[in-house]
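Note sheet for the following structure.
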DNA sequence: CGGTAATCGAGACGGTACGTCATGTCTTACA
DNA sequence: TGTAAGACATGACGTACCGTCTCGATTACCG
């Protein structure tokens, strides 16, 4: 189990929703402020006014807790759809708000921990991909499909490859930080990928 | 100081090259086998037949040690240049051997730890970029410059953006593992980026 | 806090009496066998089958632990009172069993460490005096008071000085070991102090 | 070997007297200021501007170094003789200056370490007794012998016992610190021991 | 409405690793 | 040979988390 879900129990005291909220609140605050490695379960428990046992009852690992804690924040900035009329407009409408969201808090530090964990724990890997990547990726896929139907897309284009190229470029700067992740960069990426490198 | 460098001292017992080599050897083996988080300095010291103090004398953190330990392995697979005559050929000649190198060992797990550390330690961030990214990136930049001079490149193309697009796509699958990182994928990325998505 | 005392807590897991006993047992054995300086907390923890953190939770320093560990052994040989009818008899009844206790194990080595520690840590100094010196000293004081009431004591005698003279002589040989601490010596000390040096 | 002595060598570089003096100076200062346990050989070496190897070449342990370092200071206050005409006067002339010397610096802390060490190292024990106790004790013995010849001493008095009684009382307060070591106390001790406790 | 059963807080526990420090030995070059 | 400089193996230090555990005190629901 990677995430916190209510067990469908008959009797017994019901789970405290107050504790659940306090834990996620404390975890999100601490994690983004200090990074996953520098935050202890003891610290989360104290900050949330909760006992460690309560956390471990519902989340198996620190990473699982962090994933839950950050899920909401990311989900907010995931639009249901973007319809601007053009492929270029749709892509920018999708990518720019996301990049703004990324810039708000030091997410990259925590993402590094997610990557590390995912590579040792297949269960976490699925949860991570499912929650933080698939939703946004599916919207982008829909955008490309619509463009294809409108005839805006080169017929040979493989959409999965295109998705990795577009998102990959953004993630690259986001995670490695070798150069700034600006609106201009996002625009340049979209234009470069749409137009292609090769002389025609 | 982020990496191990010989201090230019006059007197005193010289640094033991044997110890240095044993530490890097042990670190590389353990790190790739078990991941950075699951490897203790105690374990590296024992495996290398060396005292912990000796490690800490030369490397300030586990991450710095890992960076040094992995540097050599990556450097081997970094070609001095690639001259196939065409942009497409050059790019594939550069990317494919690298991807093969990545596939040999579970590097992604350690890379996640590097990203995490880099985002809390600017000194480490520079060392990381300088050692593991810049060398390969500069070769790719040269490839693109040559292509531009041959007239193979669309004049408007920004090379820094192009580099992030190409490498970003590969890193994306490498780090997130949401889909396999095959030769076919690399070829598709190159063709997609060269040709562009938009209908012409 | 210098010694291990139960905190008067409401909730929480209760302190393990088994661990407490095992720690004191292991500490006493190791300390007397090898001396305070040559015994590590790691060794005590291992010998007691206990984690180091558990020891540090209840005893702030190695010396404090040693004090607790030796307290019991000394307390056993501290008689509640001694009533032989004469001052000389009372003093011998008090001192001889104590000297026999001292001879059983190499206490002097540990006492040296106590003295060292006491002179850098006033809190430890009080605990040391309170536990290892005051009880026996108070009995001796009572013995002298009784002798005074019986008219056995020179009226000018200051009891505190007399106590230091009697115990001082025994401690002197005990700690410095320049000559053996025999029953004969104890008897001689009592007789010398009672009779005085000066010709009358 | 417990103390630093010049080996009678034929050739080679002679021992540096400057280094020897600097080491003893640094050791004395640091030891009395911070206590034996809190002073490292590295610290002594640095303070003396000397390499650690040089210290270890001449002194086998920290305690041996400390003993040498403190020897001079104690020796100064050891009078060659004391001739006041009376036993009481001689004893006070011997004890009072010594007690004043003891009060100048925190010697008791270091003495505790000496006792500890002596009880694990017979060689050190002899050196300790020989250097710090015997000289003064022999003078006191001479004082008592003279008193005996003058007929001031009770014939039955055993001098070795008397010495332990007198010095023991002073050492007792000095080492255990349960009460102040004043001139008045020393005077009271002498008078008490000379006069005896028992009613006559 | 009282019993049952899961939850919660508090916090002690056995472990494991941390990064630092001191000891005593060694190696090298210089004096 | 003696010394300064300083690297080294060894091993203890005291701290911090981890994940588990034992308590006693709370809740609901269900019979």
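The values are calculated or read from the model by the stated rules, or taken from the named source; none is laboratory data. The shown structure was predicted, so the numbers you read here are calculated from the model rather than taken from an experiment. Virtual Cβ from ideal backbone geometry, glycine too; neighbours counted across all protein chains shown.
Structural remarks
- Checked against the criterion of being modelled with pLDDT under 95 and under 17 Å from the mean Cα position of the chain (by Cα), the candidates A:66, A:80 yield just one match: A:80.
- Test: residue in the range D:2-15 that is surrounded by fewer than 19 Cβ atoms within 10 Å (Cβ to Cβ), more than 30 Å from residue D:136 (Cα to Cα), within 10 Å of DNA strand E (Cβ to nearest atom) and at pLDDT 95 or above: no
- For the residues C:174, C:185, the requirement of being in contact with a helix residue (DSSP H, G or I) (Cβ under 8 Å, 6 or more places away or on another chain), in contact (Cβ under 8 Å) with a residue 40 or more places away in the chain and in a helix (DSSP H, G or I) singles out C:174.
- All conditions but one from (1) farther than 20 Å from residue D:168 by Cα; (2) touching a helix residue (DSSP H, G or I) at 6+ places or on another chain (Cβ under 8 Å) apply to residue D:102; the one that does not is (1).
- Among residues of the range A:119-156, those that are facing chain B (nearest Cβ under 7 Å) and out of contact with any strand residue (DSSP E or B) (no Cβ under 8 Å at 6 or more places or on another chain), counted: 6
- When residue A:66 is tested against the conditions (1) within 14 Å of chain B (Cβ to nearest Cβ); (2) under 30 Å from residue A:195 (Cα atoms), the lone failure is (2).
For (1) in the same structural domain as residue A:32 (by TED's automatic domain parsing); (2) crowded, with 22+ Cβ neighbours inside 10 Å; (3) modelled with pLDDT of 95 or more, each residue gets a yes or a no:
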| position | (1), (2), (3) |
| --- | --- |
| A:110 | no, yes, yes |
| A:129 | no, no, yes |
| A:150 | no, no, no |
| A:158 | no, no, yes |
| A:178 | no, no, yes |
| A:188 | no, no, yes |
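- Taken together, the residues in the range B:105-117 that are within 7 Å of chain A (Cβ to nearest Cβ) and either out of contact with any helix residue (DSSP H, G or I) (no Cβ under 8 Å at 6 or more places or on another chain) or within 13 Å of residue A:110 (Cβ to Cβ) (or both) amount to 4.
- Filtered by the rule that a residue be assigned to a helix (DSSP H, G or I) and over 21 Å from the mean Cα position of the chain (by Cα), the range A:148-171 gives A:148, A:149.
- Tallying residues that are away from chain C (no Cβ under 14 Å) and within 12 Å of DNA strand F (Cβ to nearest atom) within the range D:10-63 yields 34.
- Any chance residue A:194 is within 8 Å of chain B (Cβ to nearest Cβ), touching a residue at least 24 places away in the same chain (Cβ under 8 Å) and over 26 Å from residue A:107 (Cβ atoms): yes
- Test for residue C:65: is it out of contact with any strand residue (DSSP E or B) (no Cβ under 6 Å at 6 or more places or on another chain) and buried (at least 21 other Cβ atoms within 10 Å of the Cβ): yes
- Single unsatisfied condition, residue A:88 versus (1) more than 22 Å from the chain's Cα centre (by Cα); (2) more than 14 Å from chain B (Cβ to nearest Cβ); (3) surrounded by 15 or more Cβ atoms within 10 Å (Cβ to Cβ): (2)
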